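Bear in mind these aren't lab numbers, they're just calculated from the coordinates by the rules spelled out. Since the model is a prediction, treat every value here as computed from it, not as a measurement. As a convention, Cβ positions derive from the backbone with ideal geometry for all residues, glycine included, and neighbour counts pool all protein chains shown.
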Amino acid sequence: MKILNYGSLCIDHVYWVPYFVKPGETLSCTNYELHPGGKGLNQSLALAYAGAEVWHAGMVGNDGIWLKELLTEAGVNTAMIQVTDTFSGHALIQVTPSGENAIVISGGANKTVKKDDLDRVFAQCEKGDCLLLQNEISSIPEIMKTAKSKSLQVVFNAAPITNDVLDYPLDCVDLFILNEVEGEALSGEKAPRQIIESLIERYQHAGVVLTLGQRGAIYGDHDKTVHQDAFTVEALDSTGAGDTFTGFFMSSWLDGQTVEQCLEVACKAAAICVTRSGAATSIPSQSDIAEIFPD
């Protein structure tokens, strides 16, 4: 079983700042870094580092060919990434001394995915394969419907959350992976367990993973609810932690491990991620997890 990650590829411009810039203010940064990023790219790397077979589909500009090369070097199948004349997606990221981040993104090539591309991409998939989606590319409703028509499992990480998501064919989704902001937007509820209860009542065949930052994560479906505490670390930069969690959770989930095992390894991976700078560059390997969190 392979995972088709139809997702974004971005160039991240990271600015270390004493605090988030205020309206009308010009603020000097204390450091600047350039990193590969995009939720799609980050999650493909996390999946590959976690040992999954992952194919990445998406669009990138000529300025971002190095992103495709990075994925290839990590073991991701990149045959379905197209290079276009449009500039690559990019992000402006502010990071404070406490590790919090604020992000502005520009879609670029990520927003040039068209319905006409889907037949070419899904021709490589087989019944039982898994589609992973985020919300940083265009044509997501069509991608969801095409995947479901071909009997793929559909996993949706609804980030970044937008009003459009409420109009997506979410009944196609088999597993939601959300943070609390995204969960509240989709469910109208604020308390974690109420968010999960609302979503599984609305999408009765789906499971829900809700990440809670320093409070860990919860999984819920109609049969059970499982909570995993976060692992205590000294945070440097939280960028990419959610993507790391998603990749490691999905790899374990598709490998047939229990929900408890999936949550544990995903929370360990996310904990390591926040101790490092950057998004894609902060994703740990399986050996990192074994070394830092020995059984």
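Structure notes:
- Per-bin percent of Cα-Cα distances, segment 241-294 [10 Å]: 29, 57, 14, 0
- Taking amide H as placed 1.01 Å from N in the peptide plane, Arg276 has its amide H under 5 Å from the amide H of Leu236, Asp237, each at least 5 places away in sequence or on another chain.
- As a proxy for reagent exposure, ranking Tyr15, Tyr49, Tyr6, Tyr32 by other Cβ atoms within 10 Å from fewest up yields Tyr32, Tyr15, Tyr49, Tyr6.
- Sorting Ser187, Ser251, Ser198, Ser98 from the fewest to the most surrounding beta carbons within 10 angstrom yields Ser98, Ser198, Ser187, Ser251.
- Using the alpha carbons alone, the radius of gyration of segment 196-253 stands to its Kirkwood radius in an Rg to Rh ratio of 1.02.
- Along principal axes, Cα extents of segment 86-181, largest first, whole Å: 47, 33, 23
- Here the Karplus relation 6.51 cos²θ - 1.76 cosθ + 1.60, evaluated at θ = phi - 60°, turns the backbone of segment 49-66 into coupling constants of 5, 7, x, 7, 8, 10, 10, 10, 10, x, 10, 9, x, 4, 6, x, 4, 5 Hz, with x for every Gly and Pro.
- In segment 165-264, the DSSP beta bridges split such that about 60 percent are antiparallel, to the nearest 5.
- Each listed q (0.14, 0.15, 0.22 Å⁻¹) maps to a log10 I(q)/I(0) for segment 184-295 from the Debye sum over equal C-alpha point scatterers, namely -0.57, -0.65, -1.19.
- Neighbourhood charge, 15 Å Cβ-Cβ cut-off, centred on Cys130 and excluding it, Lys, Arg +1 and Asp, Glu -1: -1
- Trypsin sites (Lys or Arg not before Pro) within segment 83-134, DSSP loop, no more than 14 other Cβ atoms inside 10 Å: Lys114, Lys127
- Considering only Cα atoms, the convex hull volume of segment 222-262 works out to 87 Å³ per residue.
- Within the chain, antiparallel bridges make up roughly 40 percent of the DSSP beta bridges whose residues both belong there.
- Debye-formula intensities of segment 3-290, expressed as log10 I(q)/I(0) at q = 0.08, 0.09, 0.14 Å⁻¹, are -0.31, -0.39, -1.00 (one equal scatterer per alpha-carbon, no solvent).
- 3J(HN,Hα) from dihedral phi, segment 270-280, Karplus parametrisation 6.51/-1.76/1.60, rounded to Hz, x for glycine, proline: 5, 5, 5, 4, 6, 8, 10, 8, x, 9, 4
- Computed from the Cα positions only, the extents of segment 1-140 along the three principal axes stand at 52, 31, 23 Å, in decreasing order.
- Amide H contacts for Ile81 (H built 1.01 Å from N in the peptide plane; partners 5 or more residues away or on another chain; cut-off under 5 Å): Gly58.
- Over the chain, dividing the summed -39,500 (n - 2.57) contributions of all DSSP H runs of at least 4 residues by the number of residues returns a 222 nm mean residue ellipticity of -9000 deg cm²/dmol.
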